[in-house]
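Heads up: the structure comes next, in structure tokens.
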């Protein structure tokens with residue numbers, strides 16, 4: 001979204017065809033050790049030097065950084081204490097991941113280890129000024145355009161993992177018999193899963209609405225946050241209750257439900273925490289801003 005919406009014609013010609021053909025992978029370098037939920041605290045610096053920018057800093061929890069060809073790197077070209085608004089002074093750059101000044105280190109994780117999350121260290125990386133994505137000091141709004149589809153994607157992950165676990169539990173509970181009847185015939189087992197399923201179906205509708213608004217170029221921040229928050233909440237509940245339906249076997253690695261429990265919990269933390277999503281929703285509804 002960043003290149004297609006804010007890139008120069010040269011950037012679009014260089015990158016978009018290869019992205020569409022699967023020949024080029026990108027990662028997005030936003031999060032830092034001291035800038036997670038509060039993106040405006042990014043400390044990675046970009047300083048102009050002739051017709052180049054010199055980049056220094058480090059990022060954390062960057063997905064696909066280990067196999068990306070390029071990264072859209074979020075930096076500050078003007079320190080926060082020198083701008084009137086916190087959203088000013090942010091600039092985005094396209095960097096080559098094979099630059100010798102970039103070091104990538106995967107972070108050992110609780111789950112989803114088939115997809116690496118990495119620390120990325122940037123030391124004296126020089127990029128030509130034509131690698132600036134959008135305008136200098138005005139990259140915040142380009143970044144926002146990139147965050148909305150990410151929230152939509154995590155909403156899909158929440159319901160996707162949740163439904164996968166629920167469908168597997170329903171099949172298991174329909175076959176497994178206790179006291180002469182299928183486990184799933186007992187409403188104490190079936191109702192918690194069906195309630196979570198109903199919530200996931202509802203969340204999916206909001207996800208579709210958010211996707212449609214985004215495709216139309218309309219404002220969709222409220223809808224993407226609602227979709228993400230509700231889908232993740234319902235999906236986590238679905239996996240939790242699916243583990244319960246398996247009984248002790250839900251804790252065993254023989255079945256995938258324990259893995260899905262580890263994996264779905266990432267969705268409550270990224271790309272924004274559940275609490276931050278509710279902050280955005282509350283602000284949209286008219287509550288005083290608390291952050």
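The values are calculated or read from the model by the stated rules, or taken from the named source; none is laboratory data. Quick caveat: nothing in here was measured; it's all calculated off a predicted structure. Glycine also receives a Cβ, built like all others from the backbone with ideal geometry; neighbour counts cover every protein chain displayed.
Filtering segment 26-38 down to residues that are in contact (Cβ under 8 Å) with a residue 24 or more places away in the chain and in a strand (DSSP E or B), which residue is nearest to residue 289 (Cα to Cα)?
32
Condition first: exposed (fewer than 13 other Cβ atoms within 10 Å of the Cβ) and over 18 Å from residue 223 (Cα atoms). Now tell me which residues in segment 257-288 satisfy that.
The one that is exposed (fewer than 13 other Cβ atoms within 10 Å of the Cβ) and over 18 Å from residue 223 (Cα atoms): 288.
Pick from 58, 41: which is assigned by TED's automatic domain parsing to the domain that holds residue 107, touching a residue at least 40 places away in the same chain (Cβ under 8 Å) and within 20 Å of residue 122 (Cβ to Cβ)?
58
Note down all Cβ pairs under 9 Å where the first residue falls in segment 77-95 and is in contact (Cβ under 8 Å) with a residue 60 or more places away in the chain, the second is in a loop (DSSP other than H, G, I, E, B), and they're at least six residues apart or on different chains.
77/89; 77/136; 77/137; 77/139; 92/134; 92/139; 94/7
Going residue by residue through segment 188-211, is there one that turns out to be at pLDDT 95 or above, in a strand (DSSP E or B) and either within 30 Å of residue 283 (Cα to Cα) or within 15 Å of the chain's Cα centre (by Cα) (or both)?
no
Considering only segment 17-47, how many residues are exposed (fewer than 13 other Cβ atoms within 10 Å of the Cβ) and at negative phi?
8
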